[in-house]
Amino acid sequence: MRLAVALFALLFALAPASAADDVAAAQGVIRAQEQAFGQDDAAAAYSYASPMIKEFFPGADIFMSMVQNNYAPVYRHKSFEFGEGRAADGQIAQRVHIVDANGEAWEALYTLERQSDGSLKITGCTLLKAGQAA
C-alpha cells in the first residue's frame, strides 16, 4: 500500500513538471523561429512550422512572404515577451506579448503540437492588437 501511495505521489509530482517542460520547450521553438525571422533566415523559420502549415505554404520563401505580409509584428518588433503557456496531451498554447516596430502592442497566441518524432512544431499563430477580443 505504501508503495502504491509513493508511486502515485511521484507520478503526481512529475505531471506538472512535464507540462512545465513542454511549455519551456515550446518557448524555445517559438524563440528560435522569432530569431530566424530577425535574421531573414526563411529556411530556419520554416523548419519550425508543422506539416499542416507546410501544406498551405509549400516552400520557405512562400512561408516567409506570408509572415512578412500578414504577421508584421511577429516578423519585426521592438519586444517579444512570453506570457502564459499551457500544455496538455501533446498540445501547447503560448501567449506572446509583442510591441511592433511602430510601438503598438499586440498579443499572439501560438499553438504547437508534439510530432511523432518527439519534436514540437508550430501549428498556428493568432495575432490581435492588445485589448481586442478574440
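The values are calculated or read from the model by the stated rules, or taken from the named source; none is laboratory data. This structure is a prediction, so every number in the text was calculated from the model and none was measured. Virtual Cβ from ideal backbone geometry, glycine too; neighbours counted across all protein chains shown. Ligands, DNA and RNA are excluded from the accessible area calculation, which covers all protein heavy atoms including side chains. Shrake-Rupley method; radii C 1.70, N 1.55, O 1.52, S 1.80 Å.
Within the stretch 76-90, identify whether any single residue is aromatic (F, W, Y) and assigned to a strand (DSSP E or B), and answer yes or no.
Within the stretch 76-90 (the criterion being aromatic (F, W, Y) and assigned to a strand (DSSP E or B)), the answer is yes, since at least one residue qualifies.
Hey, does the stretch 14-22 have a residue that's open to solvent by 90 Å² or more (accessible area, probe 1.4 Å) and either modelled with pLDDT of 95 or more or not in a helix (DSSP H, G or I) (or both)?
No, every residue in the stretch 14-22 fails to be open to solvent by 90 Å² or more (accessible area, probe 1.4 Å) and either modelled with pLDDT of 95 or more or not in a helix (DSSP H, G or I) (or both).
Exactly one condition in (1) open to solvent by 40 Å² or more (accessible area, probe 1.4 Å); (2) polar (S, T, N, Q); (3) under 18 Å from K121 (Cα atoms) is not met by Q94; state its number.
Condition not satisfied by Q94: (1).
So M52 clears everything in (1) in a strand (DSSP E or B); (2) in contact (Cβ under 8 Å) with a residue 60 or more places away in the chain except one condition, right? Which one?
Looking at each condition in turn, M52 falls short on (1).
Could you tell me which numbered condition S116 fails, if it satisfies all but one of (1) of a type in the set (S, T, N, Q); (2) open to solvent by 60 Å² or more (accessible area, probe 1.4 Å); (3) over 20 Å from V23 (Cα atoms)?
(3)
Has the stretch 53-65 got any residue that is among the hydroxyl-bearing types (S, T, Y) and out of contact with any strand residue (DSSP E or B) (no Cβ under 9 Å at 6 or more places or on another chain)?
Scanning the stretch 53-65, I find at least one residue that is among the hydroxyl-bearing types (S, T, Y) and out of contact with any strand residue (DSSP E or B) (no Cβ under 9 Å at 6 or more places or on another chain), so the answer is yes.
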